[in-house]
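The values are calculated or read from the model by the stated rules, or taken from the named source; none is laboratory data. The structure displayed is predicted, hence computed values, not measured ones. FYI the Cβ positions are ideal-geometry reconstructions off the backbone, even for glycines, and counts take in every protein chain you see.
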Amino acid sequence: MSKEYSSKEIAIYKAVVELFEEGADLNNLTVAEITGKAGIGKGTAYAYFSDKEEMIAKALFYNSKSFCEQLYKGMLKEKDLYAKVNYVLLKMERQIPKADCIFRFTNMMSDNSTISKRIRDIVREEVLSAKMSAVNIVKKVLEDEFMDRETTSEDKMEYLVLSIYSKLLCYAMVLKEDKYKQEEKLSAMRALIIDGICREVRAI
């Protein structure tokens, strides 16, 4: 990662995510719970963060950014677009146990509570300064794919990014459905998603 994080910051980030995965409600989470889980004092935490909302927002952003960076590094080892998309979908499948956390976080981010609004503002600032997010990964993969082709228009690239990203989100939702716990059905859906993405990229 481009920014250096202290061991105390990383401890806070890991603690927030662990608490969330254990079922904690981020709206009601306290600084004491976070610092207790992280194994550091409240005073130490306030040397790095102004309030609980900043701890939560930056923790969620840090973990998302870390995952995206690892994902991109893994994709670089794949030989073509089909293999890269397959790699991403398989990674998503391995994250099924965390899928419920993702949907809970999405719901929390869309409500109108004061804490949710504050967290949204901080996450937005972090995302704007980031070089590696889920959307940026899609853009980078497409840029690599089109490197030897004629210049693709900005509108077409934007369309492809949105289209591919929406398919990935749909696949995340599919993973929540019971019928796709059967490997045969999951493999068939995975193949359809990969074929659809590759076809669309080739058509552009």
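The table below lists the values:
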| quantity | calculated |
| --- | --- |
| Residues of region 166-204 satisfying the condition of being part of a helix (DSSP H, G or I), closer than 15 Å to Met92 by Cα and of a type outside the set (A, V, I, L, M) | Ser166, Lys167, Cys170, Tyr171, Tyr180, Lys181, Glu183, Ser187, Arg190 |
| Residue that is surrounded by 15 or more Cβ atoms within 10 Å (Cβ to Cβ) and of a type in the set (A, V, I, L, M), where the choices are Leu175, Leu162, Leu169 | Leu175 |
| Which listed residue is over 29 Å from Ile164 (Cβ atoms) and at pLDDT below 80, from Arg118, Arg124 | Arg118 |
| Selection within region 2-43 - surrounded by 12 or more Cβ atoms within 10 Å (Cβ to Cβ), β-branched (Val, Ile, Thr) and either on the phi > 0 side of the Ramachandran plot or at pLDDT 90 or above (or both) | Ile10, Ile12, Val16, Val31, Ile34, Thr35, Ile40 |
